[in-house]
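**Q** Okay, handing you the structure first.
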Amino acid sequence: MARRLAAIMAGDVVGYSRLMAADEAGTYDSLRAGVGEVVLPSVEGHAGRVFKTTGDGFLAVFGSAGEALDAAVAIQDGFAGRPLQLRIGLNLGDVIQDRGDVFGDGVNIASRLESMAE
């Protein structure tokens, strides 16, 4: 079991269930476009890797807290003119990496921080 220090980013769409109920196709199209055009390029452009996606959410890992923060700012800036808003939580902590996935309190805390963000 390999442990390492990593910056974890957790993100999800604000009000996703409500948006899907109002316009399922439009919300889905906006989400796919935002992930493909903003999230993935921002994460990868800051030396990170998305290791999990779930519906309207994603988890990413970075080797640097500064890179994670810069990616989060780029993602928020990229969503500024879009119909969806993202909440993002960041945490620096010990994680376990196994078969491309990341586990541990470092991930759990980032997810909890994300759920408390506006």
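**Q** Please find, among Ala10, Ala60, the residue that is touching a Leu at 6+ places or on another chain (Cβ under 7 Å), under 21 Å from Arg112 (Cβ atoms) and not β-branched (Val, Ile, Thr).
**A** Unique residue meeting the criteria: Ala10.
**Q** Out of the residues in region 70-111 meeting the condition of being without any contact (Cβ under 8 Å) to a residue 40 or more places away in the chain and among the acidic types (Asp, Glu), tell me which one is nearest to Tyr16 (Cα to Cα).
**A** Top of the filtered list is Asp77.
**Q** If a residue has to be outside any helix (DSSP H, G or I) and open to solvent by 20 Å² or more (accessible area, probe 1.4 Å) to count, how many in region 4-18 make the cut?
**A** Of the residues in that region, 5 qualify.
**Q** Within the bounds of region 61-76, is there any residue that is farther than 30 Å from Ala2 by Cα, at pLDDT 95 or above and not hydrophobic (A, V, I, L, M, F, W, C)?
**A** Yes, region 61-76 contains at least one residue that is farther than 30 Å from Ala2 by Cα, at pLDDT 95 or above and not hydrophobic (A, V, I, L, M, F, W, C).
**Q** Oh, and also: Report yes if Ala21 is open to solvent by 30 Å² or more (accessible area, probe 1.4 Å) and either assigned to a loop (DSSP other than H, G, I, E, B) or not acidic (Asp, Glu) (or both), otherwise no.
**A** yes
**Q** While we're on this one: Would you pick out the residues in region 86-102 that are farther than 20 Å from Ser64 by Cβ and surrounded by 14 or more Cβ atoms within 10 Å (Cβ to Cβ)?
**A** Residues satisfying the conditions are Leu86, Arg87.
**Q** Which of the following residues is in contact (Cβ under 8 Å) with a residue 60 or more places away in the chain and closer than 24 Å to Arg18 by Cα: Glu114, Glu67?
**A** Glu114
**Q** Looking at this structure, is Val61 within 16 Å of Gly104 (Cα to Cα), free of Cβ contacts under 8 Å to residues at least 60 places away in the same chain and of a type in the set (A, V, I, L, M)?
**A** yes
**Q** When you go through (1) more than 22 Å from Met116 (Cα to Cα); (2) open to solvent by 70 Å² or more (accessible area, probe 1.4 Å) one by one for Gly26, which number turns out not to apply?
**A** Single failed check for Gly26: (2).
**Q** Considering only residues that are in contact (Cβ under 8 Å) with a residue 24 or more places away in the chain and either small (Gly, Ala, Ser) or in contact with an Asp or Glu (Cβ under 7 Å, 6 or more places away or on another chain) (or both), which ones fall in region 34-43?
**A** Correct list: Gly34, Ser42.
**Q** Related question: Just to be sure I understand the filter: pairs with C-beta atoms under 8 Å, separated by 6 or more residues or on different chains, first member in region 1-29 and free of Cβ contacts under 8 Å to residues at least 60 places away in the same chain, second member part of a helix (DSSP H, G or I) and open to solvent by 80 Å² or more (accessible area, probe 1.4 Å). Which pairs pass?
**A** What qualifies is Met20/Tyr28.
The values are calculated or read from the model by the stated rules, or taken from the named source; none is laboratory data. Remember, it's a predicted structure, so these values are computed and weren't measured experimentally. Here the Cβ is made from the backbone with ideal geometry for all residues, glycine too, and neighbour counts use every protein chain on show. These area figures cover heavy atoms from the full protein model, side chains too; ligands, DNA and RNA do not enter into them. Shrake-Rupley method; radii C 1.70, N 1.55, O 1.52, S 1.80 Å.
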